[in-house]
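One structure is given here, and the rest of the page talks about it.
The values are calculated or read from the model by the stated rules, or taken from the named source; none is laboratory data. The structure presented is a predicted model; accordingly, all values stated were derived computationally and were not measured. Methodologically, a virtual Cβ is constructed for each residue, glycine included, from the backbone with ideal geometry; neighbour enumeration extends over all protein chains shown. Areas reflect the complete protein model, heavy atoms only, side chains present, ligands, DNA and RNA absent. Shrake-Rupley method; radii C 1.70, N 1.55, O 1.52, S 1.80 Å.
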Amino acid sequence: MASYFCPCPRGMEAALAEELGEIAQLSTTMKVHNQVPGGVHCSGDLLDSYRINLHSRIASRVLMRMAVTGYQNENDIYDLVLAQQWEDWFTYDHTIRVDVTAVKSPLKSLEFTTLKIKDAICDRFRDQFDKRPSVNTKEPDMRIVGFLDARQFIIYLDTSGEALFKRGWREETGDAPLRENLAAGLLRVSGWKPGMPLFDPMCGSGTILCEAAQMVQGIPPGARRRFAFEAFNDFDPAPWNEMKNSIKANPLPESPTIFGSDISGDMVAMTRHNLKCAGIMFEVPLKQIEAQEVKAPTEQPGILLTNPPYGERIGVRGDSTLPEDELASSFYSALSTTLKQRFAGWTVFLFTADLGLPKLLRLKESRKTPFFNGALECRLFRFDMVAGFNRREAAKPKEV
């Protein structure tokens, strides 16, 4: 059995652990272990790493632990890396890249540590074959990841290759696209499930809609891309192909449940194109309309989930000659009125780096959950839109 670490956007650890638990139900060997800031530990056989790469929407990568040791200096790290049987996994003809992250490590230079790891791998191959792998920082065949804390060093081999949020369908993006795994995590945290109405009124390039639509259709996030493990020595494509071929698509919905809109016609066209590239074969109604003007797309209340614009991006939502603060204030004031008047009974989730958003909306959030979009601290604000008018009507005495 191998030990794996699945990094994810910070704040998404619990959502990822829940998702990995569901993936583990497809296996007799996979086990989910502890959550740590930035990811989740799990274990299983090599096929379990294939399974996670194929099915996880929230993980950023699947890292296979090669070794762990206490350390005092860079030489301890070099010795551990040199002792690993890298030749069992790849050859000197493969290109490599080494990345190191650290939390409270006493070592002074991560760049020097990275260099020592690379040297150890290359020296291992040179000692055995008189040849060494080349470094390719842009499109390496193999990625090696080191992690340091105050006392321990762990060396991993990346089974994923390109980060898992690169699903293979996105051809076009807007100015500030949401990463696919973050969008998928937000959908899970919101409680949305296929079949429930979902509306993104500021859909941008459509990341939230594409992730949700793939879930409805039963398309795994890794179905349309390649992975580093496919280039491992002794990779057997048979079980991998069997794993992919065993996936059964869900029946297409008879009526739409996922809806989107954006003020920009270019963004609506981009979303439509991305849905097509993502393999979506059912209708996702899209409109070009200002967010302040939208109406609930279904009579049945559902979930409104969106990543509203902030900073300069809000300029495309209205009169860009107004000062930014005034523009934001008028935009969110109008949006608040729309939500209160037209989305009674809906649960609204706004994901934003603007921590003062509830004040701008003049709404009290029922929950706020911290997440990070890269290095940017964000919040997922939840607002329960109470059906106020309907409730007042219901409270009136009934005529006899």
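Picking from Leu47, Gln341, Thr298, whose Cα lies most toward the positive end of the charge dipole for the chain (charges on Cβ: Lys, Arg +1; Asp, Glu -1)?
Gln341
Using only the Cα atoms of region 105-203, construct the convex hull and provide its projected area averaged over every direction, in square nanometres to one decimal.
10.8 nm²
For region 1-137, what is the charge dipole size about the Cα centre, in debye to the nearest 20, if Lys and Arg each add +1 at the Cβ and Asp and Glu each add -1 at the Cβ?
Dipole magnitude for region 1-137 comes out near 300 debye.
With runs of 4+ DSSP H residues as the only contributors, calculate the mean residue ellipticity of the chain at 222 nm using -39,500 (n - 2.57) per run, divided by the residue total and rounded to the nearest 500.
-9500 deg cm²/dmol
Report the calculated FRET efficiency for Ala269 and Ala334 (r = Cβ-Cβ distance, R0 = 35 Å), to the nearest 0.05.
It comes out at approximately 0.90.
Roughly what angle does helix 207-217 make with the longest principal axis of the chain, taking Cα atoms, 0 to 90 degrees, to the nearest 10?
It is inclined by approximately 80 degrees.
Which value in nm describes the separation of the simple spin-label points at Arg226 and Lys248, placed 7 Å from the Cα toward the beta carbon?
It works out to 3.2 nm between the two label points.
Probe of 1.4 angstrom, ligands and nucleic acids ignored: what's the accessible area per residue over region 333-373, in square angstrom?
Value for region 333-373: 45 Å² per residue.
Around Ile144, with a cut-off of 13 angstrom between Cβ atoms, what is the net charge of the other residues, counting Lys and Arg +1 and Asp and Glu -1?
Around Ile144, the charge tally is +3.
Under a point-charge model restricted to the Cβ atoms of Lys and Arg (+1) and Asp and Glu (-1), what is the dipole moment magnitude of the chain relative to its Cα centre, in debye to the nearest 20?
The calculation lands at about 1180 debye.
Please report the carbon-and-sulfur percent of the accessible area for region 1-98; probe 1.4 Å, protein heavy atoms only, DNA, RNA and ligands left out.
46 percent
Counting heavy atoms of the protein chains only and a 1.4 Å probe, report the per residue accessible area for region 43-182 as a whole number of Å².
Per-residue value: 47 Å².
Can you tell me the dipole magnitude for region 96-186 around its Cα centre, using point charges on the Cβ only (Lys, Arg +1; Asp, Glu -1), in Debye to the nearest 20?
With only Lys, Arg, Asp and Glu charged at Cβ, the dipole is about 340 debye.
Out of all DSSP beta bridges with both ends in the chain, state the antiparallel percent to the nearest 5.
If I count the DSSP bridges inside the chain, around 65 percent turn out antiparallel.
Based on alpha-carbon centroids, what's the gap between region 49-72 and region 188-204 in Å, whole number please?
Answer, in whole Å: 29.
Summing +1 for each Lys or Arg and -1 for each Asp or Glu, what net charge is found among the other residues whose Cβ lies under 12 Å from the Cβ of Asp99?
+2
Taking the Cβ of Met30 as the centre, find all other residues whose Cβ is under 15 Å away and add up their charges (Lys, Arg: +1; Asp, Glu: -1).
-2
Tell me, how many Å apart are the Cα centres for region 235-267 and for region 88-120?
Spelled out, the Cα-based centre of one part sits 36 Å from the other.
Mind sorting out which of [x] 0.95; [y] 1.04; [z] 0.99 is the real Rg/Rh (Cα atoms, Kirkwood Rh) computed from the coordinates?
[y]
Which angle from 0 to 90°, rounded to the nearest 10, does the C-alpha axis of helix 13-24 make with the longest principal axis of the chain?
For 13-24 against the chain, the angle is about 70 degrees.
Could you tell me how many degrees, from 0 to 90 and to the nearest 10, lie between the Cα long axis of helix 110-129 and the main elongation axis, the longest principal axis, of the Cα atoms of the chain?
50 degrees
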